[in-house]
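The structure under discussion appears below in the form of structure tokens.
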Amino acid sequence: MDSSQVTLTRPDFVGWLTKVSWGPTFRRVLGAYSDEVLQLWDVEAREVRWSVEGCSTFVWSPDGARVLAVSEEGLRLLDAGTGELLGKLEGSGPISFSPDGERITSRSDGHVLLVRDVQTGAALLELRGHTGTVTAACWSPDGTRIASASEDGTTRTWDAETGEALLVLE
């Protein structure tokens with residue numbers, strides 16, 4: 001191995017990464033392991049910056065300053081630089097940040113997608129219409145629409161301000 005390559009491992013770990021994602025600045029990589037550990041690697045420094053146990057998946061905030069993670073107890077908002085817990089929110093995955101980083105989506109019960117204020121955790125909208133478990137959600141780049149997918153075989157689009165159902169794709 002030449003000097004430009006570094007291998008960062010977790011000693012004695014038996015399992016796999018379930019998700020890996022570059023941070024918005026392309027200097028950090030965050031991974032979620034099969035044993036519910038998140039680990040942040042600093043690519044430039046070539047070292048692990050932090051690890052957090054009890055989280056199964058995550059999303060970066062658009063500015064890269066925060067990470068929203070799914071845990072057994074709900075959602076955790078973490079400082080992306082330190083891994084420090086900034087707050088806890090109700091809900092479960094799938095999760096996504098709005099493009100401005102002010103709102104998130106999360107599932108409440110299986111069929112309902114909530115839009116929450118990321119600072120207060122207050123539910124702003126309940127997006128109802130799926131008859132199966134919501135499996136995915138994302139925001140449009142301009143933050144005006146939300147798309148959600150479900151085990152019912154549909155994809156729905158919603159107005160992100162009013163919660164109005166706009167389109168059902170089957």
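Observations on the structure shown:
- Scanning the stretch 146-155 for residues that are farther than 17 Å from ILE104 by Cα and assigned to a strand (DSSP E or B) yields SER150, THR155.
- Matching entry among GLY143, GLY121 (being under 17 Å from GLU73 (Cα atoms), in a loop (DSSP other than H, G, I, E, B) and within 17 Å of the chain's Cα centre (by Cα)): GLY121
- Qualifying positions in the stretch 133-156 - buried (at least 19 other Cβ atoms within 10 Å of the Cβ) and of a type in the set (S, T, N, Q): SER148, SER150
- Answer residue from the stretch 39-49, given it is in contact (Cβ under 8 Å) with a residue 40 or more places away in the chain and surrounded by fewer than 20 Cβ atoms within 10 Å (Cβ to Cβ) and is farthest from the chain's Cα centre (by Cα) among those: ARG46
- Looking across the stretch 68-106, the residues that are of a type in the set (D, E, K, R) and either under 15 Å from ALA160 (Cα atoms) or modelled with pLDDT under 95 (or both) come down to GLU72, GLU73, GLU90, ASP100, GLU102, ARG103.
- Residue satisfying all of: in the stretch 86-106; of a type in the set (A, V, I, L, M) and touching a residue at least 24 places away in the same chain (Cβ under 8 Å); surrounded by the most Cβ atoms within 10 Å (Cβ to Cβ) among these: ILE104
- Qualifying residues in the stretch 50-77 (those that are among the aliphatic types (A, V, I, L, M) and out of contact with any Leu (no Cβ under 9 Å at 6 or more places or on another chain)) - the one least open to solvent (accessible area, probe 1.4 Å): VAL70
- Exclusive hit being part of a loop (DSSP other than H, G, I, E, B) and open to solvent by less than 20 Å² (accessible area, probe 1.4 Å), set HIS130, HIS111: HIS130
- Candidate set: the stretch 124-140, residues that are among the polar types (S, T, N, Q) and farther than 15 Å from GLY93 by Cα; chosen: the one farthest from the chain's Cα centre (by Cα): THR131
- In the stretch 146-170, the residues that are on the phi > 0 side of the Ramachandran plot reach residues that are open to solvent by 30 Å² or more (accessible area, probe 1.4 Å) and outside any strand (DSSP E or B) with C-beta atoms within less than 9 angstrom, at least six apart or across chains, in these pairs: GLY153/GLU170; GLY163/ARG128.
The values are calculated or read from the model by the stated rules, or taken from the named source; none is laboratory data. All values reported here derive from a predicted model rather than from experimental measurement. Please note: Cβ atoms are built from the backbone with ideal geometry, for glycine as well, and neighbour counts cover all protein chains shown. Keep in mind that these areas ignore ligands, DNA and RNA; they rest on the heavy atoms of the full protein, side chains included. Shrake-Rupley method; radii C 1.70, N 1.55, O 1.52, S 1.80 Å.
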